[in-house]
Amino acid sequence: MLSGQGFDYHCHSNLTRAILPYGLTEFDVHDVLNVFQVTGLNRNGEYFMQPCPAKSGDFFEFFAEIDVLCALSTCPGGDLSKWGWAKNDGEDPMLECCRPLGVEVYRITDPVVLKGWEPPAASSYKGSHGIQLRDVR
């Protein structure tokens with residue numbers, strides 16, 4: 001809006017493009033999990049961003065109990081330490097603080113590791129999320 005030029009390379013758009021080859025759409029992008037960013041709402045309900053405290057080599061790992069498709073995106077704002085707007089000549093200081101992500105996927109081959117583990121059961125929830133329909137006849 002400020003420059004008069006559109007920019008469709010933000011987190012949500014990046015994830016949408018990543019899942020399209022799998023027959024999914026934007027409606028399948030549920031939430032962005034900001035693993036290496038500090039964001040939130042302040043006391044006034046205003047969105048805030050702070051520079052990322054993560055360092056090279058920081059990681060997280062998880063065990064997927066169901067099939068999962070993970071789409072990754074690095075924020076075009078980088079680690080948020082140089083947040084701002086591109087100058088008219090197109091120079092964007094935020095690109096200087098964009099960092100690569102590494103991904104490793106492991107397959108458990110030792111059956112002892114999974115001894116006693118069972119896949120999660122499907123939810124038995126039969127409610128209507130608090131929505132009560134009434135007869136309008």
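The values are calculated or read from the model by the stated rules, or taken from the named source; none is laboratory data. Keep in mind that this is a model prediction, so the values were computed, not measured. Cβ: placed from backbone, ideal geometry, glycine included. Neighbour counts: every protein chain shown.
Here Asp79 clears all of (1) charged (D, E, K, R); (2) over 30 Å from Phe27 (Cβ atoms); (3) touching a Cys at 6+ places or on another chain (Cβ under 8 Å) except the condition numbered (2). Checked across the stretch 52-65, the condition of being surrounded by 10 or more Cβ atoms within 10 Å (Cβ to Cβ) and touching a Leu at 6+ places or on another chain (Cβ under 9 Å) holds for at least one residue.
The number of residues in the stretch 21-42 being farther than 20 Å from Arg99 by Cα and either surrounded by fewer than 13 Cβ atoms within 10 Å (Cβ to Cβ) or β-branched (Val, Ile, Thr) (or both) comes to 12. Here is a check on your reading of the model: is Gly45 in a strand (DSSP E or B) and either within 15 Å of the chain's Cα centre (by Cα) or exposed (fewer than 10 other Cβ atoms within 10 Å of the Cβ) (or both)? It is false that Gly45 is in a strand (DSSP E or B) and either within 15 Å of the chain's Cα centre (by Cα) or exposed (fewer than 10 other Cβ atoms within 10 Å of the Cβ) (or both). If the condition is being in a loop (DSSP other than H, G, I, E, B) and either at pLDDT below 90 or of a type in the set (D, E, K, R) (or both), then the stretch 21-42 contributes Val29, His30, Asp31, Val32, Leu33, Asn34, Val35, Phe36, Gln37. Selection of first residues in the stretch 119-134 that are under 21 Å from Val68 (Cβ atoms) and of second residues that are among the hydroxyl-bearing types (Ser, Thr, Tyr), restricted to Cβ pairs under 9 Å at least 6 apart or on distinct chains, gives an empty result.
Scanning the stretch 93-111 for residues that are part of a loop (DSSP other than H, G, I, E, B) and either within 30 Å of Leu80 (Cα to Cα) or touching a Leu at 6+ places or on another chain (Cβ under 8 Å) (or both) gives Cys98, Arg99, Pro100, Leu101, Gly102, Val103, Glu104, Val105, Ile108.
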